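These notes are about the structure you will find just below.
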Amino acid sequence: MRCNPKFLNLVLLNGEPEEKLRAARAAGFEQVEIWRADVQASTPQLAKQLQLGFTNVQVLRDFTGAPDRDRQQKREELRQFIQIAQTIGCDTIQAPASTRDDCVAARIDEDLRWMASEAARYNMRIMYEPMAWCSVDNTLPLAWERLQRLDQPNIGLVVDLFHICALGGDASQLDGIPAERIYEVQLCDMAEMPPQDKQPLSEYARHQRLLPGDGIIEVERFVDKLKSAGYSGPVGIEVFNDKLKAQPADVAAQKAWQALNRYWP
């Protein structure tokens, strides 16, 4: 794999799964973040035909700190994600920090260790993402502190500009994080500071993100820090935007490719 493969999160695109994959590859993307619902029986063969890789399979929600009544179900769900990932030749699953109000915070470390061990049995990696509305580990420094303490070799961070900047953070949050512990970087933008309450913040994030360069985030500062640190992992676009999603898949994919290459040629 060459340095910094460029990916598109398929959440941006409208249409059937095959159409999304073809549009992403035609635009220039080498990889995609694929959602579980978009994986079909034809996906492995089509990806091989298109020479398109998979950055990760999304998204295993609320795994860590699950209450007793849901804990076994979540572990089974992880096994299902591993099976899906193996089917399409992907070695990485995205599992954000918990958003549950009833998250058992004291059990998060134990759950992450179990997840790392189970994933390692199948040579899988876990991308741990601090999301702005998570009930724990909702910032990059908090997530990094936990991963640093646990020291699991197959769990790394997702750097998502929205989640950093939505709570007032900036590129300085990358300071002190080794480049190899960052498993992917998701670029995006926002027109304004979003609401800070959990529910409206998550709604904003799922409908109104912008392509990088179209809003107020200082994207170039993040890019400069990552390049200076020698980051060589995947860099791409994760944008939830209703207006872009309403456009033909090939048009939206081209816009995303152009936006990405303005910052990471």
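The values are calculated or read from the model by the stated rules, or taken from the named source; none is laboratory data. Treat the numbers as computed from the prediction; the structure is a model and nothing was measured. Reconstructed Cβ throughout: ideal geometry from the backbone, glycine too, with neighbour counts over all protein chains shown. The area values use the complete protein model at the heavy-atom level, side chains included, leaving out ligands, DNA and RNA. Shrake-Rupley method; radii C 1.70, N 1.55, O 1.52, S 1.80 Å.
Two-decimal Rg/Rh of the chain from alpha-carbon positions, Kirkwood Rh? Numbers along the way, then the final one.
Numbers: Rg = 17.3 Å, Rh = 18.5 Å.
Expressed as Rg/Rh, it is 0.94.
Packing-based ranking of 61-69, 38-46, 87-95 yields 87-95, 61-69, 38-46, ordered from highest to lowest mean Cβ neighbour count within 10 Å.
Decide, for segment 184-265, between rounded, prolate and oblate: order the square roots of the alpha carbon gyration tensor eigenvalues as a ≥ b ≥ c, take rounded if a/c falls under 1.5, and otherwise choose prolate if a/b is larger than b/c, else oblate. Oblate. Under 5 Å from the amide H of residue 155 lie the amide H atoms of 126, each residue being 5 or more positions distant or on a separate chain, with H modelled from the backbone and absent for Pro and chain starts.
For the chain, what does the helix formula give at 222 nm: sum of -39500 (n - 2.57) over DSSP H segments with n ≥ 4, over the residue count, nearest 500 deg cm²/dmol?
-12500 deg cm²/dmol
Sorted on the mean count of surrounding Cβ atoms within 10 Å across their residues, most packed first, peptides 26-32, 109-115 read 26-32, 109-115.
Here the simple spin-label model places points 7 Å from the Cα toward Cβ, and for residue 246 and residue 224 these points are separated by 3.7 nm. Amide H contacts for residue 187 (H built 1.01 Å from N in the peptide plane; partners 5 or more residues away or on another chain; cut-off under 5 Å): 236, 237, 238. A simple spin-label model places pseudo-atoms 7 Å from Cα toward Cβ; at residue 59 and residue 197 they are separated by 2.2 nm.
Of the accessible area of the chain, computed with a 1.4 Å probe over protein heavy atoms only, carbon and sulfur atoms account for 47 percent. Rounded to the nearest Hz, the phi-derived 3J(HN,Hα) couplings of segment 38-54 under the Karplus curve 6.51 cos²θ - 1.76 cosθ + 1.60 (θ = phi - 60°) are 8, 7, 10, 4, 7, 4, x, 5, 5, 4, 5, 4, 7, 6, 10, x, 10, where x marks glycine and proline. What does the net charge come to around residue 262 if you take all other residues with beta carbon closer than 12 Å to its beta carbon, with K and R at +1 and D and E at -1? So the environment of residue 262 carries a net charge of -2. For segment 3-9, backbone phi angles converted through the Karplus equation (6.51, -1.76, 1.60; θ = phi - 60°) give residue-by-residue couplings of 5, 6, x, 9, 10, 10, 6 Hz, Gly and Pro being listed as x.
Treating only the Cβ atoms of Lys and Arg (+1) and Asp and Glu (-1) as charged, compute the dipole magnitude of segment 1-142 about its Cα centre; round to the nearest 20 debye.
440
Let a ≥ b ≥ c be the square roots of the eigenvalues of the Cα gyration tensor of segment 42-185; is it rounded (a/c under 1.5), or, if not, prolate (a/b larger than b/c) or oblate? Here segment 42-185 falls in the oblate category. Annotation: per residue accessible area for the chain equals 43 Å², rounded to a whole number [probe 1.4 Å, protein chains only]. Between residue 75 and residue 42, the contour length at 0.36 nm per residue exceeds the alpha carbon distance by 9.2 nm.
About the centre of its Cα atoms, segment 39-85 shows a dipole size close to 80 debye [charges on the beta carbon of Lys, Arg (+1) and Asp, Glu (-1) only; nearest 20 debye].
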